[in-house]
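Student: I have a structure I would like to understand better, so I am pasting it below and will then ask my questions one at a time.
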Amino acid sequence: MKIFLDTANLNSIKKFNDMGLLDGITTNPSLMSKEGGNPKDVMEEITKIIKGDVSLEVVSTEYSGMIDEGKRLCKYGDNVVVKVPMTPDGLKACKLLSSEGIPVNVTLIFSANQALLAAKSGAKYVSPFIGRLDDVGQDGIHLIKEIKEIFSNYDFETQILVASIRHPVHVVDAAKIGADVVTLPPAVLDKMLQHPLTKIGLENFLSDWEKLKAGNPNVKI
Ligand code: E4P
């Protein structure tokens with residue numbers, strides 16, 4: 001399963017990329033707005049730091065505007081994936097951009113039917129938002145199971161990019177289903193790295209080592 005970071009924060013991107021954990025990045029207009037500054041510079045910088053796919057989202061809501069913006073976004077780097085919303089115009093733009101070899105991520109997916117239509121429109125990725133479904137009392141992970149089954153039935157190449165992840169249990173559930181990608185807020189990736197028993201275990205190892213050194217000050221590894 002690939003791990004993308006869901007952020008436009010350059011420090012977080014550099015931090016986790018330096019650890020070798022990142023296969024890509026997803027952004028959206030809200031995440032860009034949170035960082036401030038000139039979005040063009042931020043987007044260019046992200047595509048330089050990351051080798052894998054970087055989803056950059058259009059803000060036009062009609063077809064021709066999406067095509068213009070999508071083509072401009074592609075100029076920020078060779079690894080850009082154009083993100084379009086799950087709307088009739090978005091699907092039309094997905095079809096055209098995909099037919100020209102431009103990879104597309106269809107975002108704001110909340111049903112299996114939407115995912116099916118996006119896959120049929122040639123999307124490289126579909127982004128089902130599981131946390132937002134959980135927020136309204138629906139089962140986000142169940143949606144991933146449905147999409148996985150449908151894509152397997154018809155051998156769609158479209159990848160399931162699980163989005164709107166709120167906690168590490170979502171990641172385990174998505175991995176058990178066999179989702180292709182999870183996109184994680186930096187805080188969730190931080191939590192995945194940690195376990196209290198790891199911390200306690202390391203503290204004990206180091207204090208035992210100090211005891212050994214107390215009896216033999218010249219000991220080294
Ligand atoms: C995905 O591409 C979206 O940027 C993101 O996962 C949305 O998450 P949110 O529901 O936490 O805003």
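Student: How do the pairs read when you match residues in the range 198-221 that are loosely packed, with under 10 Cβ neighbours inside 10 Å with residues anywhere that are aliphatic (A, V, I, L, M) and outside any loop (DSSP other than H, G, I, E, B), using Cβ under 8 Å and keeping only pairs 6 or more apart or on different chains?
Tutor: Correct list of pairs: empty, since none qualify.
Student: Collect the residues in the range 113-129 that are part of a helix (DSSP H, G or I) and either closer than 22 Å to residue 6 by Cα or of a type outside the set (A, V, I, L, M, F, W, C) (or both), keeping them in residue-number order.
Tutor: Within the range 113-129, 113, 114, 115, 118, 119, 120 qualify.
Student: Give all pairs with beta carbons closer than 9 Å in which a residue from the range 140-164 that is at positive phi meets a residue that is among the polar types (S, T, N, Q) and within 13 Å of the ligand (Cβ to nearest atom); count only pairs at least 6 apart in sequence or on separate chains.
Tutor: Close Cβ pairs satisfying both conditions: 164/127; 164/183.
Student: Of these, 188, 169, 162, which one is surrounded by fewer than 16 Cβ atoms within 10 Å (Cβ to Cβ), under 21 Å from residue 136 (Cα atoms) and of a type outside the set (S, T, N, Q)?
Tutor: One residue alone meets the criteria, 169.
Student: Within the range 4-33, work out how many residues are out of contact with any Ser or Thr (no Cβ under 8 Å at 6 or more places or on another chain) and not small (Gly, Ala, Ser).
Tutor: 14
For every residue, the table says whether it meets (1) modelled with pLDDT of 95 or more; (2) among the charged types (D, E, K, R); (3) away from the ligand (no atom under 16 Å from the Cβ).
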site: 34; (1), (2), (3): yes, yes, no
site: 42; (1), (2), (3): yes, no, no
site: 48; (1), (2), (3): yes, yes, yes
site: 55; (1), (2), (3): yes, no, no
site: 62; (1), (2), (3): yes, yes, yes
site: 66; (1), (2), (3): yes, no, yes
site: 90; (1), (2), (3): yes, no, no
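Student: Filter the range 66-106 for residues that are charged (D, E, K, R) and either part of a loop (DSSP other than H, G, I, E, B) or open to solvent by 60 Å² or more (accessible area, probe 1.4 Å) (or both) and give the result.
Tutor: If the condition is that a residue be charged (D, E, K, R) and either part of a loop (DSSP other than H, G, I, E, B) or open to solvent by 60 Å² or more (accessible area, probe 1.4 Å) (or both), then 68, 71, 72, 75, 78, 92, 95, 100 are the ones that fit.
Student: I'd like to know if the range 172-183 contains one or more residues that are within 22 Å of residue 52 (Cβ to Cβ), within 14 Å of the chain's Cα centre (by Cα) and surrounded by fewer than 20 Cβ atoms within 10 Å (Cβ to Cβ).
Tutor: Yes; the residues of the range 172-183 include at least one that is within 22 Å of residue 52 (Cβ to Cβ), within 14 Å of the chain's Cα centre (by Cα) and surrounded by fewer than 20 Cβ atoms within 10 Å (Cβ to Cβ).
Student: Say we look at the range 107-118 and pick out the residues that are of a type in the set (Gly, Ala, Ser) and open to solvent by 10 Å² or more (accessible area, probe 1.4 Å); which of these is farthest from the ligand (Cβ to nearest atom)?
Tutor: 112
The values are calculated or read from the model by the stated rules, or taken from the named source; none is laboratory data. Quick caveat: nothing in here was measured; it's all calculated off a predicted structure. Neighbour counts run over all protein chains shown; Cβ positions are idealised from the backbone, glycine included. Accessible surface areas use protein heavy atoms only, side chains included; no ligands, DNA or RNA. Shrake-Rupley method; radii C 1.70, N 1.55, O 1.52, S 1.80 Å.
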